[in-house]
């Protein structure tokens, strides 16, 4: 494999986005539609992050292949955050049921999302979420997760799907749950189940 003596990648910062670099590779990103979002990259070793004029510069001396891969991962995380604070992401999940009609309620004051009457259960199934990072809206059988941070939105949608897991029943018959089926960036479609 070819050895690389120096790795340098420059990332252009859009006009309306404000990025603050703190010590120990903490990055704070703010924009017109979100923020401040703080990301801790203190675990990266051998990668220097600096800000010059209107650019973020990622550099490394004599990097290994794994170091270059880690740098590219961090660059993509920062790109997604910059795109998210300019125009929010929307993750849309569908409430599906065949036997008992269940519904989803967002309770931002309690920092919880409730799945009510799932499989006829009396007690609602609950997950915790942070209303500062995720705006949850329920319309009919659709649950909308809206926010600037893709990671947090995806994790909230995954947590909601996970609490609807069915045990000790045939999964071919009991297909109830809350399933992610569409991801939007602003009005642009990124991903959808067909």
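Structure values in brief
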| read-out | value |
| --- | --- |
| Gain on full stretching of the segment that runs from residue 158 to residue 23 - 0.36 nm per residue minus C-alpha separation | 45.4 nm |
| Compactness of the stretch 6-86 - radius of gyration and Dmax, Cα, Å | 12.3, 38 |
| Principal axis box of the stretch 68-148, alpha-carbon based, largest edge first, Å | 50, 27, 20 |
| For peptides 164-176, 23-35, sequence by mean Cβ density within 10 Å, most packed first | 23-35, 164-176 |
| Three semi-axes of the equivalent ellipsoid, the stretch 1-50, Cα gyration tensor, whole Å, largest first | 26, 15, 8 |
| Principal-axis tilt of helix 150-163 within the chain, Cα atoms, nearest 10 degrees | 30 degrees |
| Virtual spin-label span in nm between residue 189 and residue 9, 7 Å along Cα→Cβ | 2.9 nm |
| Neighbour-count order for 91, 129, 97, fewest beta carbons within 10 angstrom listed first | 97, 129, 91 |
| Scaled radius of gyration (Cα, divided by 2.2 N^0.38 Å) that the stretch 89-192 gives | 1.05 |
| Added length on full extension, which subtracts the Cα-Cα distance from 0.36 nm per residue, residue 170 to residue 140 | 8.1 nm |
| Distance from the stretch 21-64 to the stretch 178-194 (C-alpha centre basis), Å | 28 Å |
| Residue 116-residue 55 pseudo-label distance in nm [points 7 Å out on the Cα-to-Cβ vector] | 5.5 nm |
| Volume per residue of the C-alpha convex hull in the chain, rounded to whole Å³ | 175 Å³ |
| Between 0 and 90°, nearest 10: helix 65-86 axis offset from the chain longest Cα axis | 60 degrees |
| Extension gain, residue 64 back to residue 33 (0.36 nm per residue minus Cα-Cα distance, nm) | 7.5 nm |
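Any read-out appearing in this document is the output of simple, stated calculations on the displayed coordinates, not a laboratory observation. This structure is a prediction, so every number in the text was calculated from the model and none was measured. Note that each Cβ is placed from the backbone with ideal geometry, even for glycine, and that neighbours are counted across all protein chains shown.
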